[in-house]
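Here the structure comes first, spelled out in structure tokens, and everything after it is commentary.
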Amino acid sequence: MVTPHRVLVCHETPCVARGAVGLHAAFRREIDRLGLDHVSLEISGCHGHGLCSQGPSVVVEPSGFFYNGIQPPDAEVIVREHLSGGRPVQHLFHRDPVTGRTAARYADVDFFRRQRRVALRNCGRINPEKIEHYVDRGGYGALQLVLSTMRPEDVIELVEDSGLRGRGGAGFPTGRKWRFARRSSSDVKYVVCNADEGNPGAFTDRSVLEGDPHAVVEGMIIAGYAVGARRGYLYIRAEYPLAVRRVQKAIEDARDKGFLGSDLLGSGFSFDLEIKEGAGAFVCGEETALLASIQSRRGMPRPRPPFPTDVGLGGKPTVINNVKTLAFVPVIVDRGPGWFSSLGTPQSAGTAVFALTGNIRYSGLVEVPMGTPLAEIIDIGGGIPDGRKVKAVHTGGPAGGSLPADRLDAPVDYEALQELGSTMGSGGMLVLDEDACMVDVARFFMDFACSESCGQCAPCRLGTGQMVRILTRIATGRGAREDLVLLREVADTVKHASLCGLGQTCSNPVLATLEYFKEEYLAHIREGKCPLGVCEVRASVRPGEQGREFQPGGLPAGGVGANLKGGCP
């Protein structure tokens, strides 16, 4: 008897960029040529959750054989030898670029084996464009359970008991937010998914949307039932065209199957979804700015209270949750709140997903239980290449901070990172080796925050620009000791006087580097140059914008805030 095979070819953004479409076509041609009726060919999300950087990758089920970094000619060999002849092609198995060891199955690859995938549970395991694949793995079972056996209050209590906190950065308890919205008296309420992933280097939300969109859709429906909403919006940045397309397909398929629309599964509850594309403004990750953008207004935050759970979209109560937060909801319903809370710490339940980048062997997504030490996450990523040492780890993107190597035993959870001067953020983790200049790192993130400031409040509009100027003086050898005092004063003022989360957290990279790497600032001042030679190289290029010219003195021309007096230089 011939064993049926399912061939899953990664079609997430990194693999597509490395030729996955042509690889899929090569598999299709060879399978058809040989008439292999027992082989089904599918696309998938990223199998490697980061090893896609070495892709394209392919998994052959049910055995789980893992081929990585293959090209169209290799597809012909795999079809002929493995799928037709029953002989797995050993020389095409995933090979560790450092040790040279091969792993026949992706469950044996150290990078995967040491993770605990919950939010990423289906990524790479299903075709994200086929609802049947999601249903076969238990998808929409949680929704059916909720609609048939639970009251809205029961769902909220379950989420509260799980300890789930928002994965967008703030870490607010999800169940408590839902309870606030449930108690708000209004006949119209909304649920919004914040998929405006704007942090430099973060791609966790994109990976979930591209690899498992139905998990987010199901989570939003359950949230709508719990709070009494009948409509929801997914706010996805337009720079994620593949994610937008797959989520739209998921919505349409869910409607066809009766999971969206009127009278869901005969329960009497009605709920529907719509996508709103964002223009890429970082500030629209803030809840009130996001709501303004959905309503076709300029994305600018407003003072709180009132909070969106009382006065949100169109003045109606609105729950806003992050992509990963919503993707957790169905599995919490399926497996119970106790199971989820057991994965993390008493204060931070469940798992955390990080986009591991920088000077690391294996850049990509790493999902681990909350409380996992930073050093262990770096070790999962293969450590620093070429025998170099870790100098710092920056978590939280523009809202986070750089922690030195002697803090790598710190557990990853909301309270521990905040106590050290950093944040969880939306999942960015940048590993820096001993060649990195921490003044330059602070300048990079501050330049980003300055450019992305909406300009509405004076502390953020003026303070971020001032910090960029001070950092640029120090980086280019024109700083003085007094600049360090001024820099800290401005950073503290922006942190405590700004209107929204962007301004309140954007000083963190500066304050953290001043705390842990002050000697590096002093070295720039004493020597009149960057001791590592990094800042001079970048002095003619604005961070993140290759080829952009600087004005004399090292200050960039133009910029988003250039028309705001005293704002971004």
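For segment 76-128, take the alpha-carbon Rg, divide it by the Kirkwood Rh, and send me Rg/Rh. Before the final figure, lay out each step's value.
Values: Rg = 13.7 Å, Rh = 13.0 Å.
For segment 76-128, the value is 1.05.
Apply 1/(1 + (r/R0)^6) to the Cβ-Cβ distance of Thr493 and Leu522, taking R0 = 30 Å, and write down the FRET efficiency to the nearest 0.05. All intermediate terms of the calculation are to be shown ahead of the outcome.
Numbers: r = 23 Å, r/R0 = 0.75.
With a Förster radius of 30 Å, E is 0.85.
Can you sort Phe269, Phe340, Phe354, Phe445 so the residue with the fewest Cβ neighbours within 10 Å comes first?
Working: Phe269 18, Phe340 24, Phe354 27, Phe445 30.
If I rank by nearby Cβ atoms, fewest first, I get Phe269, Phe340, Phe354, Phe445.
Which lysines does Lys391 reach when only Cα atoms under 17 Å apart count, and residues fewer than 8 places away in its own chain are ignored?
Straight-line reach from Lys391, under 17 Å: Lys518.
Treating cross-link reach as a plain straight distance, find the lysines whose alpha-carbon is under 29 Å from the alpha-carbon of Lys324, omitting any fewer than eight places away in the same chain.
The reachable lysines, counting only those whose Cα sits under 29 Å from Lys324, are Lys130, Lys177, Lys189, Lys249, Lys257, Lys276, Lys316, Lys495.
What is the distance in Å between the Cα centroid of segment 499-540 and that of segment 407-479?
Spelled out, the Cα-based centre of one part sits 8 Å from the other.
Which order results if Arg246, Arg33 are arranged by neighbouring Cβ count within 10 Å, fewest first? Before the final figure, lay out each step's value.
Details: Arg246 23, Arg33 11.
Sorted ascending by nearby Cβ count, the order is Arg33, Arg246.
Suppose we keep just the DSSP beta bridges with both residues in the chain; what percent of those would be antiparallel, to 5?
Values: 32 of 60 bridges.
If I count the DSSP bridges inside the chain, around 55 percent turn out antiparallel.
Values in this text are rule-based calculations from the coordinates and carry no lab data. A quick note: this is a predicted structure, and the numbers were derived from the prediction, not measured. Quick reminder, even Gly has a Cβ in these numbers, built from the backbone with ideal geometry, and neighbours come from all protein chains shown.
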